[in-house]
Amino acid sequence: MAEASFTPRVFSGIQPSGGLTLGNYLGAMKRFVEMQDRGEFETIYCMVDLHAITVWQDPEKLRRATRELCAGFIAAGIDPERSILFNQSQVPEHAQLGWIFNCVARMGWMQRMTQFKDKAGKNAQNASLGLFAYPALMAADILAYHATHVPVGEDQKQHLELTRDIAIKFNNDFGVDFFPVTEPVIEGAATRVMSLRDGSKKMSKSDPSDMSRINMTDDADAIAQKIRKARTDPEALPSEAKGLEDRAEARNLVNIYAALADQSVDQVLADVGGKQFSEFKPMLSDLAVAKLSPISGEMARLMEDQTEIDRILGRGAERAQEIAAPILEKTYDIVGMVRSR
Ligand code: AMP
Ligand code: TRP
């Protein structure tokens, strides 16, 4: 595949299915800002509301979470002029291309998706059909823009492999070189931020325990309290990354520190190696508060002007559609749909 023929373009999405967590910020949003600021890519970021409704969402809460997520993107540093920022349902090409991909992806591929198995749980018969088809819609999100690079957290790796498989199968089935084989970008110290209560579980907005996560809207006291209570072990911190190997909770806190401070884990450990958690935790909470409170303050300020947020989303949707509409038209043409108007 001649990758050079595609414009370097980044696409990523976050579900408006509740508040933003520190995991979303470090694993996704902070890196979205970095890719925007590098200036090497066109950057497109999406609030994936169609993905959110694959599990039940209260309509009013969904509307609010979508606007709050938009405020979060901007507060974190996404510039709605330099990047395209919009919500998925305002650009119907996502759902339209999603249908085509439902007909490209195979049942067997979808059945292997671990996120479906996790989310559907024991009662998979009662899961929505949308939850099963979710990764095909995600492939459509990406490929509707011929995106070449997709920054995500570690948990999305399998979905991006499926996106590549869909692009390859489509190209082969129709004998074209139309969709790019997208590169996942899963980099940095915080591609998998873990729960503060259990170092074997991902930090998640859907965890029943609020103490397990730091929310982007938490105030300084809440952040400090959650870090103070975070599970750890009784040992001092090691001075090299190797010493964190069997210490999931310790590793998680050091990774969070490194990502917030823009340092490598080795740099952090060179400074804090030998310290007890009683000393390291206050350092971590000061750093977290210093980095997060300007963002949460700015989010709250932006949320006061919803008309402006809706204007930004509307304008973003128009710009997104300018890219996606011709790609969808060409896809329909390749597939053999008659287009008579
Ligand atoms: P979601 O909230 O599931 O829509 O996820 C949005 C983005 O945040 C995706 O790129 C995820 O991979 C990333 N993400 C979510 N939770 C975490 C976490 N605990 N650690 C790192 N990245 C995460
Ligand atoms: N599935 C992603 C998540 O839950 C969200 C998502 C939807 C996405 N479409 C995308 C991420 C396209 C990257 C690209 O985290």
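So the values come out like this:
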read-out: Normalised contact order of the range 210-301, rounded percent, pairs of Cα under 8 Å and 6 or more residues apart; value: 38
read-out: Area accessible to solvent at Thr66, 1.4 Å probe radius, in Å²; value: 10
read-out: Nearest 10 degrees, 0 to 90: helix 277-303 Cα axis against the chain principal axis; value: 40
read-out: Sequence-separation-based contact order of the chain, relative, with Cα cut under 8 Å and 6+ spacing, percent; value: 23
read-out: Environment charge at Arg339 (Cβ cut-off 13 Å; Lys +1, Arg +1, Asp -1, Glu -1); value: 0
read-out: Dipole magnitude of the range 210-301 about its Cα centre (Cβ charges: Lys, Arg +1; Asp, Glu -1), debye to nearest 20; value: 200
read-out: Surface accessible to a 1.4 Å probe, Val338 within the full protein complex, Å²; value: 130
read-out: Viscosity 1.002 mPa s, temperature 20 °C, Stokes-Einstein D of the chain from Kirkwood C-alpha radius, µm²/s; value: 102
read-out: Gyration tensor over alpha-carbon atoms, the range 11-170, equivalent ellipsoid semi-axes in Å; value: 24, 19, 14
read-out: Stokes-Einstein diffusion coefficient of the range 19-66, Kirkwood radius over Cα pairs, 37 °C, 0.692 mPa s, in µm²/s; value: 262
read-out: Cα-Cα over 18 Å, subset of Lys117/Lys202; Lys201/Lys226; Lys30/Lys275; Lys229/Lys291; Lys157/Lys291; value: Lys30/Lys275; Lys229/Lys291; Lys157/Lys291
read-out: Debye intensity ratio I(q)/I(0), log10, the range 49-100, q values 0.14, 0.16, 0.27 Å⁻¹ (C-alpha model); value: -0.45, -0.57, -1.08
read-out: The range 219-299: projected area of the alpha-carbon convex hull, averaged over directions, in nm²; value: 5.0
read-out: Centroid-to-centroid separation of the range 44-98 and the range 189-235 [C-alpha atoms, Å]; value: 25
read-out: Per residue, in Å², the accessible surface of the range 29-102 once ligands and nucleic acids are set aside, probe 1.4 Å; value: 41
read-out: Given charges at Cβ of Lys, Arg, Asp, Glu: the chain dipole, positive-most of Ser83, Trp99, Pro8; value: Trp99
read-out: Accessible-area composition of the chain, carbon plus sulfur, in percent [1.4 Å probe]; value: 49
read-out: Accessible area in the full protein assembly, largest first, 1.4 Å probe, for Ile334, Ile53, Ile78; value: Ile53, Ile334, Ile78
read-out: Solvent-accessible surface (1.4 angstrom probe) belonging to Arg251, in square angstrom, nearest 10; value: 90
read-out: Listed residues Trp99, Trp109, Trp56 arranged by accessible area, highest first, probe 1.4 Å; value: Trp56, Trp99, Trp109
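The values are calculated or read from the model by the stated rules, or taken from the named source; none is laboratory data. Predicted model only: the values in this text are computed from it and were never measured. For neighbour counting, all protein chains shown are included, and Cβ atoms are generated from backbone atoms with ideal geometry for every residue, glycine included. Accessible surface areas use protein heavy atoms only, side chains included; no ligands, DNA or RNA. Shrake-Rupley method; radii C 1.70, N 1.55, O 1.52, S 1.80 Å.
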